[in-house]
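The values are calculated or read from the model by the stated rules, or taken from the named source; none is laboratory data. It should be emphasised that the depicted structure is a prediction, and the values quoted were computed from it without experimental measurement. Please note: Cβ atoms are built from the backbone with ideal geometry, for glycine as well, and neighbour counts cover all protein chains shown. Note: accessible area is taken over every heavy atom of the protein model, side chains too, but ligands, DNA and RNA are not part of it. Shrake-Rupley method; radii C 1.70, N 1.55, O 1.52, S 1.80 Å.
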Amino acid sequence: MPTDIQAPSIAYLPLLPILIVFGAATLGVLVEAFVPAHQRRLSQVVVAVAGLVASLGAVIYLAADGTSRLVAESALAIDGPALFLQGTLCVLGIGSILLLSERRLDRSGGVVVSQAANAPGSREDLRLAESSHVQTEVYPLAMFALGGMLLFPACNNLLLMFVALEVLSLPLYLMAGLARRRRLLSQEAALKYFLLGAFASAFFLYGVALLYGYAGSVDLGDILTATSQAGKSDGLLYLGVAMLGVGLLFKVGAVPFQAWTPDVYQGSPTPVTALMAACTKVAAFGALLRVFYVGFGTSQWDWRPMLWAVAILTMVVGAILAVTQTDVKRMLAYSSIAHTGFILVGVIAINKSGLSGTLFYLLTYGFTTIASFAVVGLVRDSAGEATHLAQWAGLGKRSPLVAGVFALLLFALAGIPLTSGFMAKFAVFKAATEGGATALVVVGVIASAVTAFFYARVVVLMFFQEPTVDGPTVAVPSAYTAVTIAVGVAFTVILGIVPQPVLDLAGKAATFIR
Amino acid sequence: MSPSLTLIGVVPLVGALVVALLPQGKDVLAKQVALATSLVVLVLTLVLCVNFDPQGDRFQFVQSYDWIRAFGVHYAVGVDGIALVLVALIAVLVPVVLLASWDDVEALTEVGTEGSDAPAAKRKSVRSFFALLLVLETMMIGVFAATDLFLFYVFFEAMLIPMYFLIGSYGGPRRSYAAVKFLLYSLVGGLLMLAAVIGLYVQSAKQGPGTFSFEALTQLNLSHTTQAWLFLGFFIAFAIKAPLFPFHTWLPDAGAEAPTGGAVLLVGVLDKVGTFGFLRYCLPLFPWAAREFAPYVIALSVIGVIYGALLAMGQKDLKRLVSYTSVAHFGFIGMGCFAFTTQAGTGAVLYMVNHGLSTGALFMVIGFLINRGRSRFISDYSGIAKVAPTLAALFFVSGLSSLALPGLSTFISEFLVLVGTFERYTVAAVVATTGIILAALYILLAYQRTMQGALSSAHAALKDLSGREVAALAPLIALMILLGFYPKPVTDIINPAVKVTMQEVGAQDPAPTDVAKPAAESK
């Protein structure tokens, strides 16, 4: 009977974290439409933060319950890794929302421009830059992106994964163009991110199509079954995996698909950069892990060499190009590329400790990164953020606290012991050695040494050089930014000294449901 | 379970916190708190030394708790004889260094303001300086006290950060270059070691529960290839740290640019972590590889002895000169570690202590001289002995100790190393002996050029050492003389630990008759 289409049975409870965030985003749109202008900002912040906190509560509830399950006709997998990453995303998302709400740093208030479509440098654009007119669409945009990110690592179905990819990407493309200062860079970033992102999505979609041709299904479980059967066309599998890989590796910022990263990180408003650097990476790695561990878990000999090459390239290129940067945000962008390489080392381990190590790395990296970008946003001169490295000279003398915090975060990124960065690096390198990827670990430690060079260089600038006469000032942030930085730094230190509870959590979470 | 080592490690950290949190302007109080803290550590360490039983267990004052179960990491501390004397060396050097650096930060600020136009921002924080020194003390004690490889590694790397800031913030004109060079050299070595540490852990996990416990790791069965690779990972890290030729190039820069107190601790203690690492980790964990590579290490050491001495002779800068003498001395220590005789091993450990004392004293005297003359160059000084006889005399004594004059402590250690090495590597020992002659040359030449001769008018008003400065040097000089005549208390502590290490590496002391028997056959 052609008309007899049954409605899929959906268990809504496991979807609660995702639904709450999308609900809060929708509510944000309504707030935008109906709440009077002067109350809008506060209402948006409350809605967004409350949504994320509620979502985090739902994640904890589901995690305490402890059962992994496939829901919505096995299109979604709510299992350990998904919940761990969703929890991480909620916390990091709250941090990003708080950073977006900072009003005290820019003299006209707010970090985002209200009419991004104006031509940069035009009269309206200049007028707008100085006006205190503020729009708040950025909150629902961020929430939609976060909803997509929550969905992304839970997708057990490639078509749904594509939808999640688009849901998380489209708001980000927009948000990249919203910077209040240096509009041209920002618009360039948005356009570049959009074009390259759309291109990568197309690759992803084509990969899905090929894999459908190979396995007759877009369900990861079916693909897994298909890879263990003989008589399939391996050409479709290889091409499909490669294309899918391009789409995912683009999102995590792995070489050779990293070209967008520095431009977009530099041009976007700094809180948006923080959101992209921390949350997008977490979500995209979640999806990457699921695709390769679940869908292609038994065909690892087909794709492991490809990831080896990508990981080595990513670590080496990221580390070396970062050395040549003169802009703090670009430097952090290349550093994030190098870190993508380190995380890939954990992915390539293909064992349980690789999975738990990667989850732990994503969490620690997210906290450290959000706090770093928050600090970058504090250092300003008359033209906005002072991101040129030369302007940071002698910052340690002007404001020892901010410089000290930034130095600590940089040491964490460099992986110096007693910070979370070291524990995370240790976890993935250990897993990779156990998984037989010793050569990769050796490349990793050498790349780490190179990254230490440019982190140390910033410390040298801040502490060992004299301040310039017309150097930037450090703005005193409001509680929004201060709390975010404090939490990020606290996690960086605490996870460096007592990582056991979180490692346990990651260890418990490190089982995919198939 | 004895918490004494943890206590000794925590006291300086608490002191550092107090010093750092003192309100601005309380600089004198900060110094007093720092000194008092370091004296408390000294007293506690002396109590520890008295209670140490050389004939007892290998590791004493042990303490072990689970730290990170996911990695099998323990917070485990304990000292054997070798670690104990090095902890004692730290406990002696830190108060001395604090006393010697009493007014260094203020002096630095004055120097800065003379030639520049931004006086206000030039002021350096006294509190941070003393807090950093105390943090460094905690890290240094930790690195010697750790009996868990992971814990050792944590201290090994974390130790770099306070020293990095000491050099970079309070150092000489090329301080940022020297600080970065120091950090990067150490990190490269450290990260290679990290790969080896992980490799070792994975091997241990294949043979039982994965662990970093030193004693458990020595029981592992490792294939020769694995041993060779892991040995190299550790060895390069330690050789950079030590520093052994050809990994030494960072030391002259760091030693010369570091503030006096930093330089004393850098060369006196931090570098000892390298040679300590040879004895504690390279030898017992990878005995086969250690025996296999020993001849090459001995060769590098001998080159270091001669090369360091020759370069020291050619230096124009006093602090670089002392740094290069250390390269030569570390050649001796490296030779002692890898000769695989009890004599050479004991000599090497004793050398670590004595080198800390004599080079520490030398750096301090030179620091005092530079504070007065505002120049590091030998050619800027002459005839100083006429106006500053005490300074000259203490320079002379420290110098003599550095060139291993009989009657001063270094002589005994150098002698032990050479005799111990001679039994196994005759040629190497003979060549290294010429290093002693070269040492006499570089020390005496430097003394002659700066202290003797006509006094230049610029230095006519140069003040002799103050009471504080003499008080800082006195304990070191006293120890040099004391240990020069009666080293038994120290060697008694060292000897059993060295014997155990030699057993672990599978080396027996050659009988007097089979002098030329190579090490590899005696396993």
For region B:163-171, in residue order, the Karplus 3J(HN,Hα) values (coefficients 6.51, -1.76, 1.60; θ = phi - 60°; whole Hz; Gly and Pro = x) are 5, 4, 6, 4, 5, x, 8, 10, x
Karplus (6.51, -1.76, 1.60) ³J(HN,Hα), θ = phi - 60°, over region B:40-48, in Hz, Gly and Pro reported as x: 4, 4, 4, 4, 4, 5, 4, 4, 4
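Between B:GLN503 and B:PHE415, what FRET efficiency follows from the Cβ-Cβ distance if R0 is 30 Å, with the result rounded to 0.05? Show your work: numbers first, answer last.
On the way: r = 24 Å, r/R0 = 0.79.
That gives a FRET efficiency of 0.80.
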With every protein chain left in place and a probe of 1.4 Å, what is the accessible surface of A:VAL91, to the nearest 10 Å²? 50
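Suppose R0 equals 35 Å. What FRET efficiency, 1/(1 + (r/R0)^6) with r the Cβ-Cβ distance, do B:ARG374 and B:LEU39 give to the nearest 0.05? Don't skip to the answer; put the middle values down first.
Working: r = 31 Å, r/R0 = 0.89.
The formula returns an efficiency of 0.65 here.
Taking the Cβ-Cβ separation of B:THR433 and A:ILE320 as r and a Förster radius of 35 Å, what is the calculated FRET efficiency to the nearest 0.05?
Details: r = 46 Å, r/R0 = 1.33.
It comes out at approximately 0.15.
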Residue order for A:ASP106, B:ASP53 - accessible surface, 1.4 angstrom probe, largest first: B:ASP53, A:ASP106
Please calculate the 1.4 Å probe accessible area of A:GLU32, with all protein chains present, and give it to the nearest 10 Å². 30
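Let me know the shape class of region B:1-72, please: from the alpha-carbon gyration tensor, a ≥ b ≥ c as square roots of the eigenvalues, rounded when a/c is under 1.5, otherwise prolate if a/b is greater than b/c, or oblate.
Working: a/c = 5.48, a/b = 1.59, b/c = 3.44.
The shape class here is oblate.
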Each residue of region A:16-21 in turn: what ³J(HN,Hα) in whole Hz from Karplus with 6.51, -1.76, 1.60 and θ = phi - 60°, glycine and Pro shown as x? 3, x, 5, 5, 4, 5
Surface share of carbon and sulfur [accessible, 1.4 angstrom probe, percent] for chain B: 66
Could you pull out every one of the lysines with an alpha carbon less than 21 Å from that of A:LYS192, ignoring same-chain neighbours closer than 8 positions? A:LYS251, A:LYS281, A:LYS329
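What is the mean number of Cβ atoms from other protein chains located within 10 Å of the Cβ atom of each residue in peptide B:64-71, rounded to a whole number? Each step should come with its number before you reach the end.
On the way: counts 0, 0, 1, 4, 9, 4, 14, 8.
Mean inter-chain Cβ contacts per residue within 10 Å come to 5.
Stretch A:THR26-A:VAL476 to full length: gain in nm at 0.36 nm per residue minus the Cα-Cα span?
Working: separation 450, 0.36 × 450 = 162.00 nm, distance 3.31 nm.
That works out to 158.7 nm of additional length.
Compute the accessible area per residue over region A:90-199, keeping the other protein chains in place, probe 1.4 Å, unit Å². Display every interim value, and only then the final one.
Working: 4110 Å² over 110 residues.
It amounts to 37 Å² per residue over region A:90-199.
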How much solvent-accessible surface does B:THR346 expose, in Å² to the nearest 10, with a 1.4 Å probe and all protein chains in place? 10
Residues listed by number, region B:93-108, amide nitrogen under 17 Å from B:GLN24 label point at 7 Å toward C-beta: B:106
Around B:SER213, which amide H atoms from residues at least 5 apart in sequence, or from another chain, sit under 5 Å from its own amide H, with H modelled in the peptide plane? B:LEU149
When the solvent-accessible surface of protein heavy atoms is calculated with a 1.4 angstrom probe, in what order do B:ILE370, A:ILE10 fall, highest first? A:ILE10, B:ILE370
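Mind checking how much accessible area B and A bury in total, 1.4 Å probe, in Å² rounded to 100? Walk me through the intermediate numbers first.
Working: alone 19080 and 18920 Å², together 34860 Å².
The B and A chains share an interface burying roughly 3100 Å².
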Using label points projected 7 Å from each Cα along Cα→Cβ, tell me how many nm separate B:GLN448 and A:LEU159, to one decimal. 9.3
Give me the distance between the Cα centres of region B:241-276 and region A:350-404, rounded to whole Å. 31
Nearby lysines by direct alpha-carbon distance to B:LYS31 (threshold 27 angstrom, same-chain neighbours under 8 apart not counted): A:LYS397, B:LYS122, B:LYS124, B:LYS272, B:LYS319, B:LYS463
Counting Lys and Arg as +1 and Asp and Glu as -1, what is the net charge of the other residues whose Cβ lies under 13 Å from the Cβ of B:GLU215? -2
Sorted list, accessible surface of protein heavy atoms, 1.4 Å probe, largest first, for A:ARG127, A:ARG181 is A:ARG127, A:ARG181
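For the ranges B:264-276, B:60-72, A:18-30, what's the packing order if you count other beta-carbon atoms within 10 Å of each residue, average per peptide, and put the highest first?
Numbers: B:264-276: 26.2, B:60-72: 17.1, A:18-30: 20.7.
Output ranking for B:264-276, B:60-72, A:18-30: B:264-276, A:18-30, B:60-72.
For region B:286-511, what does the alpha-carbon gyration tensor say about shape, rounded, prolate or oblate, given a ≥ b ≥ c as the root eigenvalues, a/c under 1.5 as rounded, and a/b over b/c as prolate?
Working: a/c = 2.95, a/b = 1.94, b/c = 1.52.
In terms of gyration-tensor shape, prolate.
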Residues whose built amide H sits under 5 Å from the amide H of B:ALA76, excluding neighbours closer than 5 in sequence, are B:TYR65, B:THR147, B:ASP148
Centre separation in Å (Cα based) which lies between region A:35-92 and region B:365-380: 65
